[in-house]
1. Quick one: plug the Kirkwood hydrodynamic radius of the chain (C-alpha pairs) into Stokes-Einstein at 37 °C, 0.692 mPa s, and report D in µm²/s.
2. Where nothing but the Cβ of Lys and Arg (+1) and of Asp and Glu (-1) is charged, how large is the charge dipole of the stretch 9-97 around its Cα centre, in debye to the nearest 20?
3. What spacing in nm lies between the two simple spin-label points modelled at Leu63 and Ser9, each 7 Å away from Cα in the Cβ direction?
4. In whole Å, largest first, what are the principal axis extents of the Cα atoms in the stretch 14-58?
5. Please give the net charge around Lys86, taking every other residue with its beta carbon less than 15 angstrom from that of Lys86, where Lys and Arg add +1 and Asp and Glu add -1.
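Please treat every number below as a calculation from the coordinates, not as lab data. Predicted, not measured: the structure shown is a model, and the values here were computed from it. With ideal geometry, Cβ positions are generated from the backbone for all residues, glycine too; neighbour counts draw on all protein chains shown.
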Amino acid sequence: MTGGFNVYSKEVEDALASHPAVGISAVVGAPDPKWGETVRAYVVLRAGASATEAELIAHVKALKGSVNAPKHIVFADALPQTAVGKIDKKALRDLHWGGQTRNVS
């Protein structure tokens, strides 16, 4: 949720996946003093591809609207995985919410 609007990570991830430079992505909520949470995307680009944060944000905004567009994109070489090979979103959320008893701002 950001600013009172529900944002579904799968929808944002699907929009990012439709960009030719994006190999894989994960979307989590990060604390924000004004909005409560903001959309933060972690992106691994395809080999040899390039894209800027602004380009990917604009891509999602064009497909899903500004509420769903990530406010920040973190480029990574790989995303953390669970023991069964799924993206470990809890590990990504903990980067932002660590030390808090609840993942709510």
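1. Numbers: Rh = 14.0 Å.
Rounded to a whole number, D works out at 234 µm²/s.
2. On the way: 11 positive and 10 negative charges, 29 e Å.
Approximately 140 debye in magnitude.
3. 1.7
4. That gives 37, 17, 15 Å along the principal axes, largest extent first.
5. Numbers: positive: Lys10, Lys89, Lys90, Arg93; negative: Glu13, Asp88.
Result for the local shell: +2.
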